[in-house]
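First comes the structure, then the notes that go with it.
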Amino acid sequence: MPSRISAPLIVSLAFLAVVVGVLVAGGLWVQSTVTSSFREAETIGTARFLVEDVLRRDLDEETGVRGYAAARRPTLLQPYYEARAALPATISRAMGVLEKLHLQTAPAALEDAASTNRRWLREVAFPLMNSRSSRPPLLIRGKRLFDHLRADIASIETLLAADEARSRRRAQQAIAWVDLFAIGAISAFLAAALLFTYQQYRLGLRVEEERTKAEEQRRHSAENRAAYLAEKRIADTLQGAFVQNVLPEPAMLRLGATYLPAAEEAKVGGDWYDALELPGDRVLLAIGDVTGHGIEAAVTMNRTRQLLISCALIDPSPGPVLERVNNELFRNESPMVTAITALVDARDCEFAYAAAGHPPAVLLEPGKRARFLEVGSLPLGVLRNAAYRTHRVRSIPGALLVLYTDGAIEHSRDVVQGEELLLAAVESAAHASQSDVAAAICNRIFADRKAADDVAILTLRFADGASGSVAILEHGSQTMVAAGRKAELA
């Protein structure tokens, strides 16, 4: 009898091995497709911003010359000179991104726009600046040339929009395959269970009755386990790809971060943080939260992160960065997103920040109590052309800035109590000997309670004379030390 029982077991295991192999291969394909779509979307976003910047600088040139031709005041040519100085580099960057996207006619359209701009300079701008009168025929010719230039830019925008739509469709199709793989996994386990039950039935009625009871229990457990593993695999893959693993190491700042997932297992959240080191001892910080959970929240989170980084590379001012990201999310009908961006100047212990419906940041300065900073404005993706105010704060060496998501204060129904606990945790962590300030804050808050939602905490401390020789970078449970920067801080 044991040999007869082992035969259906071997068959079932072989069948499951084949199914698991197929599911693993399909999962890797889905991951590759989604990752490729995100990268292409980031490149398209960068291309759009650069092409728009080309058009803006062309218009600055045209406006400056037209104003000078009308009023003959040299100061009116300032936009013209600034745009003319920056335009070649902007066109070069835009051309490089367009060629990377492999759009057939976009580079040619951009080259034609550049050629039209040169014709305008040669045939309209220079004669107008060297003439003592406005010369209406030249203005009319300039308008025709700029109409042609706008047509070139519009054709590029159309190509980028079409390419973005194709990329989005590929990502949506890949995500749809995730559901099919989950259904396939459950169906495979169910088919294996039915095959095993049928084989055992032939051994006798009594054995079949006992086996049916055991099989029902095993099948129920297998279905739950299969569903859990499928979603957890997706969660681990997306979360591992989206959460920043390494923070920058500026000489005069100490950065730290920690991420605590919600107590519910396999729950994919939309919390994230980023830190981007910029020239001039500056660092751009960003933290945010997408409403809802699941794969859509994770996809929106990654799209928002890429938009923030793309916008910051063009102009890191916090308010304008949020405004551009808001318009892009609104145009794509994305879920609502709360966020804070902060541009930190390490040399002057100064930072500027802007908030979009996000909980206020906390500032703790030496000799003072921790306090919340001023916030305001709507979340991202709610209202087209929403304005986001940039706040500026001048602090002192040793000050600690803490950014966080709402899971850090909304662990109970009393939000006021959550805010008071956060302030106490910041003060306690700042004076503790533990180097991981972000983790210390998180441990203090959730020492005797569970996280009802995902929690992300990002900290920044301005170095002072006593501690500036060692920069400690924190991320979760990992701590890295970079020494030897005392001379630079002095």
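No lab work stands behind these numbers, since they all come straight from the coordinates. Every value quoted in this text rests on a predicted model; they were computed, and no experiment measured them. Counting neighbours? That spans all protein chains shown, and the Cβs are built from the backbone with ideal geometry, glycine included.
Between amide H atoms placed 1.01 Å from N, distances below 5 Å from LEU383 occur with no residue 5 or more places distant or on a separate chain. Taken one residue at a time, the phi angles of segment 61-69 give Karplus couplings (6.51, -1.76, 1.60, θ = phi - 60°) of 4, 5, 5, x, 5, 4, x, 5, 5 Hz. Gly and Pro are set to x. Karplus-based coupling profile of segment 337-345, in residue order and whole Hz: 10, 9, 7, 10, 10, 9, 9, 9, 9, with θ = phi - 60° in 6.51 cos²θ - 1.76 cosθ + 1.60 and x standing for Gly or Pro. If only the Cβ of Lys and Arg carry +1 and only the Cβ of Asp and Glu carry -1, the dipole of segment 246-489 around its Cα centre is close to 420 debye.
For segment 110-154 and segment 295-309, compute the distance between their C-alpha centroids and round to whole Å. So the separation of the two Cα centres works out to 40 Å. The H on the amide N of SER395, modeled in the peptide plane, is under 5 Å from the matching H of GLU350, PHE351, each at least 5 residues off or on a different chain. Karplus-derived 3J(HN,Hα) values for segment 140-156, using 6.51 cos²θ - 1.76 cosθ + 1.60 with θ = phi - 60°, are 5, 5, x, 5, 5, 5, 6, 4, 5, 5, 4, 4, 4, 4, 4, 5, 5 Hz; glycine and proline are entered as x.
Inter-part distance, segment 330-355 to segment 50-92, computed on C-alpha centroids, equals 29 Å.
Indicate the gyration tensor shape class of segment 246-489 (rounded, prolate or oblate), computed on the Cα atoms with a ≥ b ≥ c the square roots of the eigenvalues: a/c under 1.5 is rounded; otherwise a/b larger than b/c is prolate and the rest oblate. Since a/c reaches 1.5 but b/c is at least a/b, the shape of segment 246-489 is classed as oblate. What is the local net charge at GLU350, summed over the other residues whose Cβ is closer than 9 Å to its Cβ (Lys, Arg +1; Asp, Glu -1)? Residues close to GLU350 contribute a combined charge of +1.
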